[in-house]
Amino acid sequence: MKGRLGRAIVLALPWSWMALFFVVPFLIVLTIAFAEPSEGLPPYTPLLRWSEEGGPVIQLNLANFRLFLEDPFYLEAGLRSLRVAAISATLCLLIGYPMALAIARAPERWRATLLMLVILPFWTSFLLRITAWIGILQDQGWLNSALMALGVIREPLRLLYTDFALYIGITYCYLPFMVLPLYATLSKLDPALLEAAEDLGARPWRAFLQVTLPLSMPGVVAGFLLVFIPVVGEFVIPELLGGPGAQLIGRVLWTEFFQNRDWPLASALAVVLLMILVAPIALFQARAAREGR
């Protein structure tokens, strides 16, 4: 009995923390999503109202959720966000996997230094790093100046406020989120497995495809989700580096909240986005639970 009580006390603190900072805010946003916009403060009508007979009545407004499916602007913004997140996570995977593999196979004395170099950009401000890329990619920036000085181009290339700049900024900022889980998985692989594959006549590329890559899939999935999920709702990078066509769902949410002051619609979009992001996490956890049996 004492053991159960002690376990309940220990679990009460993290569960209370999650309820306070995750469940309660979600319920608040969900409540606003079913409300109707108004000109007052706050700019939405409460769900619980009083009828003419004097009794409480709950009125749910589903128009905000229907608008996401019926209005091409919001649907395209959501699909564009998923596409940008998928491409960005793939780019981070293609760049981050060789980096993580090189760090995992480096001598022990160099691994800490190499990992520090990966996370070194986190020591500076996020906005400062994005602003630096503006100076690099603008028409008279460092990159165009270097290419013109080398004679590669004659006129400045249009790099800033394009999809190219958008993917450069996202990949640069989120690459450590891919490298770290990959390194954590690759560093635990037994080198004897690769040696056994080579003894059986497997070439290095075949040993990688049949031994290293399958065993590193948990790190691949974890890194992909760590990049994909926050990029879907990214606002700062598309705003500063992306062009006018980079209307991702994060920029749409900001516009609805702060410019249009349509809190119910913005909350409905946020709830739909959250449900879309919860799906891959649930699938990953279900697969991990099946494999752990």
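The values are calculated or read from the model by the stated rules, or taken from the named source; none is laboratory data. Just so it is clear, the structure is predicted and the values come from calculations on it, not from any experiment. Cβ coordinates were reconstructed from backbone atoms using ideal geometry, including for glycine residues, and neighbour counts include every protein chain displayed.
Going residue by residue through region 101-113, is there one that turns out to be over 30 Å from Gln247 (Cβ atoms) and in contact with a Gly (Cβ under 9 Å, 6 or more places away or on another chain)? Before you say what the answer is, go through the steps one by one.
The first filter runs over region 101-113 and keeps only residues over 30 Å from Gln247 (Cβ atoms), leaving 101-113.
Cutting the leftovers down to in contact with a Gly (Cβ under 9 Å, 6 or more places away or on another chain) gives us none.
So far as region 101-113 goes, no, none of its residues is over 30 Å from Gln247 (Cβ atoms) and in contact with a Gly (Cβ under 9 Å, 6 or more places away or on another chain).
Close Cβ contacts (under 8 Å, 6 or more residues apart or on different chains) running from residues in region 264-289 that are at positive phi to residues that are surrounded by 11 or more Cβ atoms within 10 Å (Cβ to Cβ) are absent.
Residue pairs whose Cβ atoms lie under 7 Å apart, sitting 6 or more positions apart in sequence or on different chains, and linking a residue in region 39-65 that is on the phi < 0 side of the Ramachandran plot to a partner that is modelled with pLDDT of 75 or more and surrounded by fewer than 13 Cβ atoms within 10 Å (Cβ to Cβ), are Leu47/Leu60. Beta carbons closer than 8 Å, at least 6 apart along the sequence or on distinct chains, pair a first residue in region 68-87 that is assigned to a helix (DSSP H, G or I) with a second that is exposed (fewer than 12 other Cβ atoms within 10 Å of the Cβ) for Leu75/Leu69.
For Val10, the criteria (1) modelled with pLDDT of 85 or more; (2) in a helix (DSSP H, G or I); (3) more than 20 Å from Phe235 (Cβ to Cβ) hold in every case but one, which is (1). If you check Trp50 against the conditions, is it at pLDDT below 85, within 30 Å of the chain's Cα centre (by Cα) and more than 19 Å from Trp263 (Cα to Cα)? No.
Scanning for something modelled with pLDDT under 80, closer than 27 Å to Ala100 by Cβ and aromatic (Phe, Trp, Tyr), does region 277-291 turn up at least one residue? Scanning region 277-291 turns up at least one residue that is modelled with pLDDT under 80, closer than 27 Å to Ala100 by Cβ and aromatic (Phe, Trp, Tyr). What number goes with the only condition from (1) touching a Phe, Trp or Tyr at 6+ places or on another chain (Cβ under 8 Å); (2) of a type outside the set (D, E, K, R); (3) under 20 Å from Pro181 (Cβ atoms) that Gly169 does not pass? Here Gly169 meets the rest and fails (3). If you go through region 118-158 and pick out every residue that is exposed (fewer than 12 other Cβ atoms within 10 Å of the Cβ) and acidic (Asp, Glu), you end up with 1.
Annotation for region 147-165: no member residue is small (Gly, Ala, Ser), more than 23 Å from Thr90 (Cβ to Cβ) and under 24 Å from the mean Cα position of the chain (by Cα).
Checking every residue in region 32-43 against the condition of being assigned to a helix (DSSP H, G or I) and surrounded by 10 or more Cβ atoms within 10 Å (Cβ to Cβ) gives at least one match.
A quick yes/no check of all residues on (1) modelled with pLDDT of 90 or more; (2) over 30 Å from Phe68 (Cα atoms):
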position: Pro191; (1), (2): no, yes
position: Ala207; (1), (2): no, yes
position: Gln210; (1), (2): no, yes
position: Pro238; (1), (2): yes, no
position: Arg251; (1), (2): no, no
